[in-house]
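This report refers to the structure that appears directly beneath it.
The values are calculated or read from the model by the stated rules, or taken from the named source; none is laboratory data. Predicted model, so just to flag it, every value in this text is computed and none were measured. No Cβ is skipped: glycine too gets one built from the backbone with ideal geometry, and neighbour counts run over all protein chains shown. We work out accessible area using only protein heavy atoms, side chains counted, and drop any ligands, DNA or RNA first. Shrake-Rupley method; radii C 1.70, N 1.55, O 1.52, S 1.80 Å.
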Amino acid sequence: MSNVDPTAPTASFPSPASGHARPGPARWLVPVLVAAAVAVGLGAYGKIHDPAGTAFNLAGFSSTGAVKSWLATAAFAFALVQVLSALAMYGRLPGVRNAPWVSPVHRWSGRIAFLLAVPVAVHCLYGLGFQTFGGRVMWHSLAGCFFFGAFSAKMLLLRSERLPGWLLPVVGGLVFTVLTVIWLTSALWFFRTFGVTT
């Protein structure tokens with residue numbers, strides 16, 4: 001025989017909180033760990049790999065250095081477009097915030113910049129390795145590894161929900177800043193040393 005009183009009022013339970021709790025610091029741990037793993041992994045490979053001297057060349061260019069410099073310059077130019085389109089999306093460029101072309105330009109300029117940067121990175125790692133024999137070369141090697149780590153973190157964060165409003169601009173700005181250091185210590189140095197040549 002049951003001891004439950006069928007006429008007793010139904011027990012009330014607290015209703016679930018509306019919305020989701022704000023993500024804790026552990027949520028950002030995965031992108032940080034992935035960024036560190038990518039950066040350290042690339043640096044370790046570049047350090048232990050026996051440099052081959054060259055990884056590719058393109059017809060019409062006088063040297064691999066010229067190919068790399070022009071690809072890096074094109075990647076940097078598309079990255080500038082991405083920064084400007086990001087400023088437009090965040091309302092920092094008057095008159096173009098709601099323009100329908102801003103978002104596609106932002107996405108595609110980033111994709112093209114990354115695709116142009118990949119062969120440069122492949123040549124640097126495979127052909128030259130992680131070098132530290134001079135200040136410029138050391139900073140270039142460090143920035144190159146850090147760039148792909150930070151880029152990986154940015155891609156993971158783009159898939160996350162309920163991000164703080166400041167996070168993506170900060171990470172995106174960091175990625176662009178590191179790319180600028182890479183360009184200054186490679187392509188610009190090449191053009192100033194050997195001339196603007198193909």
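Some points to look at:
- When residues of the range 174-198 are limited to those that are in a helix (DSSP H, G or I), in contact (Cβ under 8 Å) with a residue 40 or more places away in the chain and of a type in the set (S, T, N, Q), the one surrounded by the most Cβ atoms within 10 Å (Cβ to Cβ): SER186
- Every pair of residues 6+ apart whose Cβ atoms lie under 9 Å, when the first sits in the range 93-116 and is on the phi < 0 side of the Ramachandran plot and free of Cβ contacts under 8 Å to residues at least 24 places away in the same chain while the second is open to solvent by 80 Å² or more (accessible area, probe 1.4 Å) and assigned to a helix (DSSP H, G or I): LEU93/LEU84
- Annotation note: of LEU157, LEU163, LEU168, the sole residue that is among the aliphatic types (A, V, I, L, M), open to solvent by less than 20 Å² (accessible area, probe 1.4 Å) and farther than 24 Å from PRO51 by Cβ is LEU157.
- Take the conditions (1) modelled with pLDDT under 90; (2) assigned to a helix (DSSP H, G or I); (3) of a type in the set (D, E, K, R); ARG107 misses just one of them, which is (1).
- Scan the range 150-173 for residues that are among the charged types (D, E, K, R) and in a helix (DSSP H, G or I) and the total you get is 1.
- Residues (under 18 Å from VAL38 (Cβ atoms) and in a loop (DSSP other than H, G, I, E, B)) located in the range 121-146: GLY129, PHE130
One line per residue, one yes/no per condition, for (1) outside any helix (DSSP H, G or I); (2) open to solvent by less than 20 Å² (accessible area, probe 1.4 Å); (3) of a type in the set (Val, Ile, Thr); (4) at pLDDT below 90:
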position: ALA66; (1), (2), (3), (4): no, yes, no, yes
position: ALA79; (1), (2), (3), (4): no, yes, no, no
position: VAL83; (1), (2), (3), (4): no, no, yes, no
position: PRO94; (1), (2), (3), (4): yes, no, no, yes
position: PRO119; (1), (2), (3), (4): no, no, no, yes
position: PHE148; (1), (2), (3), (4): no, no, no, no
